[in-house]
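The structure under discussion appears below in the form of C-alpha cells.
The values are calculated or read from the model by the stated rules, or taken from the named source; none is laboratory data. Bear in mind the structure is a predicted one, so any value in this text is a computation, not a measurement. No Cβ is skipped: glycine too gets one built from the backbone with ideal geometry, and neighbour counts run over all protein chains shown.
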Amino acid sequence: MKHRLAFFTSTRSDMTIFEPLLNEIKKDKNFEYLLFVHGTHLEKNYGNTVKDIKKLKFKITSKFKSVDKLDDEFGQVKSLTKTQIGVNNIFKKFKFNSVVILGDRIERLPIVSAALAYRKFIFHIHGGEITTGALDDQVRHMITKSAHLHFTICNNYKKNVLAMAEENFRVHNVGSLGIEKILNNSKRNRKIKNQVILTYHPETLKNNFSWSKNFSTIVNELNKFDFKVIITSPGHEKGTSKQINFIKKLVRNKKKFSFVKSLGVNGYFEKLRESLFVIGNSSSGIIEVPYFRIPTINIGLRQNGRFLHNSVIRCASNKSSIRKSIKIANSESFKKKIKKMKFHFGNGGASKKILNIIRKYLKNEDKLLNKQFQI
C-alpha cells in the first residue's frame, strides 16, 4: 500500500518548491500525494494563483477558503481560525499518513497542530533558517520541534536544527528543492532585458516599521535609472491590502514601472532569466535568484540571519545605500564576480533524496513517531 503524503499550499511561492517533489512522487511506486489548496491562491487580490497550479497539471485534492477580509492582527487570527476549521475537515475526510510542511508562514501552525492531534508524521522542509526581522523565525522553530524529519538546504541550517536538541537521525541536508528546476534549465540561453524585479515585504517584528516610506524610497531611487521595473505583490501579512493599493497609486503615472499581482511559478523564473537583478527583501532573492547568477539587493533586516551567496548585496533602507547598491549590482566587476561564485544550497536532486530518506525511516515507524531530546 502506498504511503500517502499530504501537501498544503497557501501562497504563490509554495509551488516553486513543491513542484519537483510532487513530480518525483508521481514516478515513485511507494508514494502518493494529496494536494490541498487554500490561502492567497484563492484570492483575486493576490492573482488567484490556483490557476498556476492547474497549469502545472497537478491534481488538486481539495480547496478551502482561509483568508479573512481584514489584514490587521484580528483578521490574521480569524484567518488562522478559518484555516484550522478547513484543515480539521480535511484530516477527518481524507486518508493520508504524513504531512509535508514547508517553511515558516504562520498559517502552517493549524496544519501542524492537526497533524499532532491525528498522529500523522510531519516532514519539514526549510528548517533551521534564521530571519530575525520577521515573525516567521519563531514560527519556523515551533514547526521544527513538532517535525519528525527535517530537510535543510545547507549544512549551516542543519547545525541550527541540531542545536535545538533534535535527534541526529532526523536531520538531513538535502539542498534546495526550488533550485532543481533552475538547474534543469540552466543550459538555456538567457536574453537579458533592461528590467529588474522588485518585491518588498514588511519587517513583521518591528512596530515602528514604515513600509510605505521605505517602498517610496526604493521606487524613487530606481526611477533615477533607465530600468523597467516589475513590481510583484507583497505576501499576505498585516496591512497587505493597503500596501497593494499604495503600490498601484504610486506607479500609476510612472511608465517605467508595472505592477503584477503574481508572475506565477513559471512566469517568475522566466522573468528572472531576463532580468538584470532583483531588489527588495524576499526569501527567493536569497535562495533561488543566486542560481540565475544575477545580483540580489537585499534591503533591511527581514532576511537578516540567512546564509548569503556572494551575489547578495546587503542594503540599508535609505536612499544613499539603495543608490549605491543599484550601481554595484549593475557594474561589470560585480557581474564577473557572480559568474565564478560557488553555490551552497545544493546541486539538484533534493526531491529524490527526500523520498529516499522518508522511505528509509518509515521502516521503523515507532522510532520515527516518538521524539526525544538529543542530549
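A few remarks follow.
- Segment 101-129 - residue that is β-branched (Val, Ile, Thr) and out of contact with any Phe, Trp or Tyr (no Cβ under 8 Å at 6 or more places or on another chain) and, of those, farthest from HIS3 (Cα to Cα): ILE106
- Matching entry among THR16, THR40 (being in contact with a helix residue (DSSP H, G or I) (Cβ under 6 Å, 6 or more places away or on another chain) and over 21 Å from GLY348 (Cα atoms)): THR40
- Restricted to segment 267-375, the set of helices (runs of 4 or more DSSP H) holding at least 2 residues that are more than 22 Å from THR204 (Cβ to Cβ), among the acidic types (Asp, Glu) and not assigned by TED's automatic domain parsing to the domain that holds THR152 is empty.
- The number of residues in segment 228-243 being closer than 14 Å to GLY280 by Cβ and part of a strand (DSSP E or B) comes to 4.
- Candidate set from segment 1-47 (those that are part of a loop (DSSP other than H, G, I, E, B) and either free of Cβ contacts under 8 Å to residues at least 24 places away in the same chain or touching a strand residue (DSSP E or B) at 6+ places or on another chain (Cβ under 7 Å) (or both)); member that is surrounded by the most Cβ atoms within 10 Å (Cβ to Cβ): HIS38
- Boolean, MET164 is outside any loop (DSSP other than H, G, I, E, B), in the same structural domain as ILE106 (by TED's automatic domain parsing) and free of Cβ contacts under 8 Å to residues at least 60 places away in the same chain: no
- Among the numbered conditions (1) part of a loop (DSSP other than H, G, I, E, B); (2) crowded, with 22+ Cβ neighbours inside 10 Å; (3) among the basic types (Lys, Arg), the only one that ARG119 does not meet is (2).
- Criterion applied to PHE225, PHE246 was being assigned to a loop (DSSP other than H, G, I, E, B), modelled with pLDDT of 90 or more, surrounded by fewer than 17 Cβ atoms within 10 Å (Cβ to Cβ) and not charged (D, E, K, R), and the one residue passing it is PHE225.
- Flag if GLY127 is at pLDDT 95 or above, in a loop (DSSP other than H, G, I, E, B) and closer than 28 Å to ALA165 by Cβ: yes
- Cβ-Cβ under 7 Å pairs, at least 6 apart or on other chains, segment 351-375 side closer than 20 Å to PRO20 by Cα, far side assigned to a helix (DSSP H, G or I) and of a type outside the set (A, V, I, L, M, F, W, C): SER351/PRO20; SER351/GLU24; SER351/GLU180; LYS352/GLU24; LEU355/GLU24
- Criterion: surrounded by fewer than 17 Cβ atoms within 10 Å (Cβ to Cβ) and outside the structural domain of VAL77 (by TED's automatic domain parsing) - qualifying residue of LYS213, LYS159, LYS181, LYS145: LYS213
- Some residue of segment 56-68 being assigned to a loop (DSSP other than H, G, I, E, B), of a type in the set (A, V, I, L, M), touching a His at 6+ places or on another chain (Cβ under 8 Å) and over 30 Å from ARG359 (Cα atoms): yes
- Any hit, segment 108-117, residues being assigned by TED's automatic domain parsing to the domain that holds HIS150, farther than 15 Å from HIS148 by Cα and of a type outside the set (A, V, I, L, M): yes
- Answer residue from segment 167-216, given it is outside any loop (DSSP other than H, G, I, E, B) and charged (D, E, K, R) and is nearest to SER351 (Cα to Cα) among those: GLU180
- The listed residues are PHE277, PHE292, PHE307, and the only one of them that is aromatic (Phe, Trp, Tyr) and touching a Cys at 6+ places or on another chain (Cβ under 7 Å) turns out to be PHE307.
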